[in-house]
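Here is the structure we will look at, set down as C-alpha cells.
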Amino acid sequence: MSGARYGLRVLALVGIVVLGVAAGIWWSRPKDAAPQRHPAPELSPRQLAELLPAAGVGRFRSREDDLDRNSFLAAVQDCAPVPAIQQFRTTSSAGFASYVLDADTPVQVAVVRVDRERVAQVQDALRSAGNCRRQADGGEQVWTKIARPWFGDVSALFTNTDVTTGEQDVLIIGGPVWTFTMSGEWLVAVGAYTAPLETVAEIYPPLLERFDREVGTHFLRPGESRGGCRPANLAIQDLPPGALSDQAVMVLQGIHDMACQDRADEVRSLMSTPLVVDDGSTDDGTSVDIGDPGEIARILETRGVYRNGAVQYRLGDSALVFSTLSSPGAKFLTWDAYVRDCATATPSAARMCGPDPYGPLGGADWRQVLAERGCDPDPGLPKPVQHAQFQDVTGDGRPDAVLVVSCSLAGDAQLNAVRVYDGGSPPESPRLIQELLGGDPGPEGRGLLPVAVMLDGGELTAESWSWRESDDHYRPSLFVIDRFHWQEGTFAPVSREVQEAP
C-alpha cells in the first residue's frame, strides 16, 4: 500500500514539473508575436466564381461567368494601379464575373489571390494611386481618386468621367465607378457602369460576404480609401422620383470630378446661358471667371436640396444651382447659377441663394400643363420643356416662367414655341401670358425650332434652328436669333438675325 502511495506521489510531482515547464515556456514567449497566419487557400476560377452571388440574389438580376479577361484589362488599363492589374494579367487563377443590377446597371467583378511576395507592393500602389486620364473613343476618360470610408484592409476608389469634345461643345458625363479592395492576399476589383458610388457600396456586402465567411478574408471590415477628393453628394434632399435622369446625375458627378481636377474649361462648358453670377446675368460663358474650380467641387460635396425645379447646393455664403428641367442641345444637365458671395450679390443673383430660386412655377407639372395645349402627356416621351428661365418680367416681384417647348400634337403636328407664364398664378394652373414663335415658318419657310431663351430685365432673346430646302431634317443650316422687348404686358418683336449654323 505504501509503495502505491509513493508511486502516486512521484506521478503527481512529475505532472507538476511538466506543467511548470509549459507555463514557463508560455510566459517567456515574445509578447508581441503575431498569431500564426495560415496560407490563403488555393482556389480555382470555378471555386472563386461559386463564392460570388448567383443571379436573382438581392439586386443581382442576371449573371455571366464568361467575362473575358482581356475586356476587363482593357477597361482599366493605363489608369488602374499597375501592380494590381498585373496580378490579373499574369495569374491563371483569377476569377471574373459580370452582373446586371435591377436598374440595368452592368457590373464587372474580378477576384485574384496576389503573389505573397507582391502583397506589400500592391497595397502601396492602391494607397498611392491618384488622378489619371486615358484616351477613349472620341475623347478621354478621366479617373478621379475618391477619399471616403470603404471596406477591406486597403482600398482605392475611382469615379470616371467621359469627356467628348465636339466642334462647338464639350460633352461631360460620369462613367463607371471602379473600386479595388484588398484583404490579406486577396484582391477584388469591381466596376459599375452608369451608377453612383453609393450603388457600389450597397452591393459590396452581398457580393463578398460569402467570400469572407468561407475563405476567412475581411473584405467587409470597415476601412477607408485615402487620397483625392471627397465624392460628390448625389443624394439630393426632397428630389422627386424621375426629376433628374440617371444621365443627369452622372453629369453632376462629372462636373464635380472636373472641378476637383482643376479643369476649369470643362466645368465652364456646362454653364447655362445665361448664367446667374454675383453681379447679375451673363450670356457669355467663356469669359466668366469661376475662380477656383476646387471650390465648386467642395460645394458639390455638401447635401443638395430640391425646391420647385431647382437643386441648390450651399457652402458657407456660396450657392450653386441646377435646373431639373431639360437644357438646350445635347447637354443632359447644366448649372444655372454660381453665386460666390450671396451677401453682396445683386438682387437677381441673391434670389438664387434663397430657398426657392425659381419660385412656385418652377415646380409646376409642365407635362400636364402642356397636355391642355395638346402635347402628348406620355411620360415615356422626352420632356416637352427644352429650356426654362425664371425671372420677374411682369414687375410684380414674382419669378415668371419662360419656357422653350417642343412636343408632338395630334395628327403628326408639332408645337415648337416659347411660352411665357405669369409667376403670380398658381402652379396647378399657370396662366399663359403669351406664346412666341409658335408656327413661325422661319427665314426660308421651312420651319423654326427654338432651343434656348435668355432674359435680361425686359429683354428676351430666343435662339432657334431653321432649315433651307436642301437641308437634312437632322442638320439645319441656319441659326436664328430673335429679340423681343417687354412693353404694355407683352413681348414685342424687335429684330431677327439669321446666321449660318455653327
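For region 249-287, the set of residues classified as within 19 Å of Ala350 (Cα to Cα) and free of Cβ contacts under 8 Å to residues at least 24 places away in the same chain consists of Thr282 only. Thr302 fulfils the conditions (1) outside any strand (DSSP E or B); (2) at pLDDT below 95 except for a single criterion, (2).
Residues considered: Arg419, Arg468, Arg475, Arg398. Of these, the only one that is under 20 Å from Met352 (Cβ atoms) and among the basic types (Lys, Arg) is Arg398. Residue count for region 455-502 satisfying the condition of being closer than 28 Å to Ala337 by Cα and open to solvent by less than 20 Å² (accessible area, probe 1.4 Å): 9. When residues in region 202-255 are screened for being open to solvent by less than 20 Å² (accessible area, probe 1.4 Å), among the hydrophobic types (A, V, I, L, M, F, W, C) and in a helix (DSSP H, G or I), 9 of them pass.
Residue count for region 400-430 satisfying the condition of being closer than 14 Å to Arg367 by Cα, without any contact (Cβ under 8 Å) to a residue 40 or more places away in the chain and assigned to a loop (DSSP other than H, G, I, E, B): 1. Out of all the residues in region 48-70, which are assigned to a helix (DSSP H, G or I), of a type outside the set (Lys, Arg) and in contact (Cβ under 8 Å) with a residue 12 or more places away in the chain? Leu48, Ala49, Leu51 - these are the residues of region 48-70 that are assigned to a helix (DSSP H, G or I), of a type outside the set (Lys, Arg) and in contact (Cβ under 8 Å) with a residue 12 or more places away in the chain.
Residue-wise test of (1) at pLDDT 95 or above; (2) under 14 Å from Gly184 (Cβ atoms); (3) surrounded by fewer than 19 Cβ atoms within 10 Å (Cβ to Cβ).
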residue	(1), (2), (3)
Arg116	no, yes, yes
Asn131	no, no, yes
Asp137	no, no, yes
Glu140	no, no, yes
Trp150	yes, no, no
Phe158	yes, no, no
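Checked against (1) part of a loop (DSSP other than H, G, I, E, B); (2) surrounded by 22 or more Cβ atoms within 10 Å (Cβ to Cβ), Asp336 passes all but condition (1). Among all residues of region 306-320, there is at least one that is in a strand (DSSP E or B), open to solvent by less than 10 Å² (accessible area, probe 1.4 Å) and within 21 Å of Arg367 (Cβ to Cβ).
What do you reckon, is Leu448 within 25 Å of Ser272 (Cβ to Cβ), open to solvent by 40 Å² or more (accessible area, probe 1.4 Å) and of a type in the set (A, V, I, L, M, F, W, C)? No; evaluated as a whole, the condition is false for this residue. Looking across region 185-199, the residues that are in contact (Cβ under 8 Å) with a residue 60 or more places away in the chain and out of contact with any Asp or Glu (no Cβ under 7 Å at 6 or more places or on another chain) come down to Glu185, Trp186, Leu187, Val188, Ala189, Val190, Gly191, Ala192, Tyr193, Ala195, Thr199. Evaluated against (1) more than 22 Å from Pro81 (Cβ to Cβ); (2) over 24 Å from the mean Cα position of the chain (by Cα), Leu208 falls short on exactly one condition, (1).
When each of Arg307, Arg268 is tested for being modelled with pLDDT of 90 or more and farther than 25 Å from Ala417 by Cβ, the lone residue that passes is Arg307.
Rundown of residues vs (1) over 29 Å from the mean Cα position of the chain (by Cα); (2) more than 25 Å from Leu275 (Cβ to Cβ); (3) at pLDDT below 95; (4) open to solvent by 20 Å² or more (accessible area, probe 1.4 Å), yes/no style:
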{"residue": "Glu372", "(1), (2), (3), (4)": "yes, yes, yes, yes"}
{"residue": "Cys375", "(1), (2), (3), (4)": "yes, yes, yes, no"}
{"residue": "Leu381", "(1), (2), (3), (4)": "no, yes, yes, yes"}
{"residue": "Gln389", "(1), (2), (3), (4)": "no, no, yes, yes"}
{"residue": "Arg398", "(1), (2), (3), (4)": "yes, no, yes, yes"}
{"residue": "Asp412", "(1), (2), (3), (4)": "yes, yes, yes, yes"}
{"residue": "Glu435", "(1), (2), (3), (4)": "yes, yes, no, yes"}
{"residue": "Gly438", "(1), (2), (3), (4)": "yes, yes, yes, yes"}
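So for region 257-268 (the condition being open to solvent by 30 Å² or more (accessible area, probe 1.4 Å), over 30 Å from Gln123 (Cβ atoms) and polar (S, T, N, Q)), does at least one residue qualify? Checking region 257-268: not a single residue is open to solvent by 30 Å² or more (accessible area, probe 1.4 Å), over 30 Å from Gln123 (Cβ atoms) and polar (S, T, N, Q).
Within region 281-290, can one find any residue that is within 30 Å of Asp365 (Cβ to Cβ), under 19 Å from the mean Cα position of the chain (by Cα) and part of a strand (DSSP E or B)? Checked against the condition, which is being within 30 Å of Asp365 (Cβ to Cβ), under 19 Å from the mean Cα position of the chain (by Cα) and part of a strand (DSSP E or B), region 281-290 yields no hits at all. Restricting attention to region 84-111, and to residues there that are more than 16 Å from Ala156 (Cα to Cα) and β-branched (Val, Ile, Thr), which single residue is modelled with the lowest pLDDT? That would be Thr91.
Counting only residues that are free of Cβ contacts under 8 Å to residues at least 60 places away in the same chain and either farther than 19 Å from Gln253 by Cα or in contact with a helix residue (DSSP H, G or I) (Cβ under 8 Å, 6 or more places away or on another chain) (or both), region 127-143 holds 3 of them.
Can you say whether Leu361 is touching a Lys or Arg at 6+ places or on another chain (Cβ under 9 Å), assigned to a helix (DSSP H, G or I) and in contact (Cβ under 8 Å) with a residue 24 or more places away in the chain, as far as the supplied structure shows? So Leu361 fits the description; yes. Taking the conditions (1) more than 27 Å from Arg298 (Cβ to Cβ); (2) open to solvent by 20 Å² or more (accessible area, probe 1.4 Å); (3) among the polar types (S, T, N, Q) in turn, Ser183 satisfies each one other than (2).
Return yes when Val402 is within 23 Å of Asp283 (Cα to Cα), modelled with pLDDT of 90 or more and under 29 Å from the mean Cα position of the chain (by Cα) and no when it is not. So Val402 fits the description; yes. Residues satisfying the criterion are absent from region 193-204 (criterion: farther than 30 Å from Leu51 by Cβ and more than 14 Å from the chain's Cα centre (by Cα)).
Is it the case that region 95-110 has a residue that's assigned to a helix (DSSP H, G or I), in contact (Cβ under 8 Å) with a residue 60 or more places away in the chain and either surrounded by fewer than 20 Cβ atoms within 10 Å (Cβ to Cβ) or not aliphatic (A, V, I, L, M) (or both)? Within region 95-110, not a single residue is assigned to a helix (DSSP H, G or I), in contact (Cβ under 8 Å) with a residue 60 or more places away in the chain and either surrounded by fewer than 20 Cβ atoms within 10 Å (Cβ to Cβ) or not aliphatic (A, V, I, L, M) (or both).
The values are calculated or read from the model by the stated rules, or taken from the named source; none is laboratory data. This structure is a prediction, so every number in the text was calculated from the model and none was measured. Using ideal geometry, Cβ is built from the backbone for each residue, glycine included, and neighbour counts are taken over all protein chains shown. For accessibility, only protein heavy atoms count, side chains too; no ligands or nucleic acids. Shrake-Rupley method; radii C 1.70, N 1.55, O 1.52, S 1.80 Å.
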